[in-house]
Amino acid sequence: DESMPSGMSVAGRAKGTMALSDAMKEGHELGSTVASDLGYEVADQEVTSTPAVAYNIVANWGVPSGKNRAWVDFQNDVTAKDVRLANQEGFKSVEHVKRYTTLGMATDQGKTANVLGIGIMAENMGQTMEETGTTIFRPPYSPVAVGAFAGRRRGMEFYPTRYTPSHKWSEEQGAVFVEVGMWYRSQWFPQPGETHWRQSVDREVIQTRSSVGICDVTTLGKIDIKGSDVSEFLNKVYVNAFAKLPVGKTRYGLMLREDSMAMDDGTTARLA
């Protein structure tokens, strides 16, 4: 085998030959070849015949480890217990388990952890890996040299650029912009005599506190929720009530995690 180191030969199950009769034949032939290469005379021998025995390879997805954690995804610190707990809490889809545990969501995109994670999930649910399925693979599907990504930057043509509705006005006011993904978002508005960004920001903070301020958050995106029970749905998502939010009004909402820590905040507008 060309992939083997010089001077090394492998036979039998170590080589992947699982049938006993084939493994014994390989071992006899390889042993005779090695002995001959070393200068020994090899007598003709008949390989002992063996009955055909069925074999099966059973994957061992994990060894019971007592109190020790069994790591599955080393980048996101996902353990075998996390995968089983996700199943126990009702997450049966492999895509849901992925997002609930963050399994395979790091830089490797599951290429080092998902096979083991899906195997544990399939075993825990009493089904095959084919029945469990896999997550949607994301490119690159094979390793890519870093140099392939290092093309020339061509200014604003490098990638699509998105502008908020207030962009033109902000430009006219001399705003300093920052790239937020594909968006250009105004950071502060310097005025004559201000030489440092903190001077501009401090002035804007005082002005907003003493009168009013406007912030264009188009870059954050929107979610359109429709249905007869939307208000009740939002009541279950946010800690504050939305059932009595009047049409044409906007309300600030706060989401908490299971441990009561703040997870997200934002505004919701009722259009109908």
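The residue among Q199, T102, Y141 whose Cα reaches farthest toward the positive pole of the charge dipole of the chain, with charges on the beta-carbon of Lys, Arg, Asp and Glu, is Q199. To the nearest 20 debye, what charge dipole does the chain have about its Cα centre, counting +1 at the Cβ of each Lys and Arg and -1 at the Cβ of each Asp and Glu? Roughly 1800 debye for the chain.
Put the Cα centre of the stretch 158-177 next to the Cα centre of the stretch 6-25 and the gap is 68 Å. Per-residue ellipticity at 222 nm computed for the chain from its helices equals -8500 deg cm²/dmol, with DSSP H segments shorter than 4 residues left out and the rest contributing -39,500 (n - 2.57). What you get for the stretch 1-57, charging only the Cβ of Lys and Arg (+1) and of Asp and Glu (-1), is a dipole of about 300 debye around the Cα centre.
Given axes a ≥ b ≥ c from the Cα gyration tensor, I'd like to know whether the chain is rounded (a/c under 1.5), prolate (a/b larger than b/c) or oblate.
Details: a/c = 3.96, a/b = 2.13, b/c = 1.86.
It comes out prolate by the Cα gyration axes.
In order along the stretch 36-51, phi translates into HN-Hα couplings of 5, 5, 8, x, 8, 7, 10, 7, 5, 10, 8, 6, 4, 6, 10, x Hz, rounded to whole numbers, per the Karplus curve 6.51 cos²θ - 1.76 cosθ + 1.60 with θ = phi - 60° and x for Gly and Pro. Report the net charge of residues surrounding S231, where surrounding means a beta-carbon distance below 13 angstrom and charges are Lys +1, Arg +1, Asp -1, Glu -1. That sum, taken over residues with Cβ under 13 Å, equals +4. Multiplying the residue separation of R203 and N87 by 0.36 nm and subtracting their alpha-carbon distance yields 36.5 nm.
If you count, for each residue, the other Cβ atoms within 10 Å and average over each peptide, how do 224-235, 23-34 line up from highest to lowest?
On the way: 224-235: 11.4, 23-34: 15.5.
Taking the mean over residues of other Cβ atoms within 10 Å, the ranking is 23-34, 224-235.
Of the peptides 2-11, 200-209, 240-249, the order by per-residue mean of other Cβ atoms within 10 Å, starting with the highest, comes out as 200-209, 240-249, 2-11.
To the nearest 20 debye, what charge dipole does the stretch 129-265 have about its Cα centre, counting +1 at the Cβ of each Lys and Arg and -1 at the Cβ of each Asp and Glu?
Details: 17 positive and 17 negative charges, 76 e Å.
For the stretch 129-265, the charge dipole is close to 360 debye.
Residues whose amide H comes within less than 5 Å of that of R162, counting only those at least five positions distant or on another chain, are W183, Y184 (H built at 1.01 Å from N in the peptide plane). Taking 25 Å as the straight-line reach from the Cα of K25, the lysines in range (excluding those fewer than 8 positions away in the same chain) are K15.
Which FRET efficiency value, to the nearest 0.05, is calculated for A145 and V178 with the Förster distance at 30 angstrom and r the Cβ-Cβ distance?
Values: r = 30 Å, r/R0 = 1.02.
That gives a FRET efficiency of 0.50.
Working note: Debye formula, equal point scatterers on the alpha-carbon atoms of the stretch 222-269, no solvent; log10 I(q)/I(0) at q = 0.18, 0.30 Å⁻¹ is -0.55, -1.30.
Every read-out reported here was derived from the displayed coordinates using simple, explicitly stated rules and does not represent laboratory data. Since the model is a prediction, treat every value here as computed from it, not as a measurement. So basically every Cβ, Gly included, is an ideal-geometry build from the backbone, and we count neighbours across all protein chains shown.
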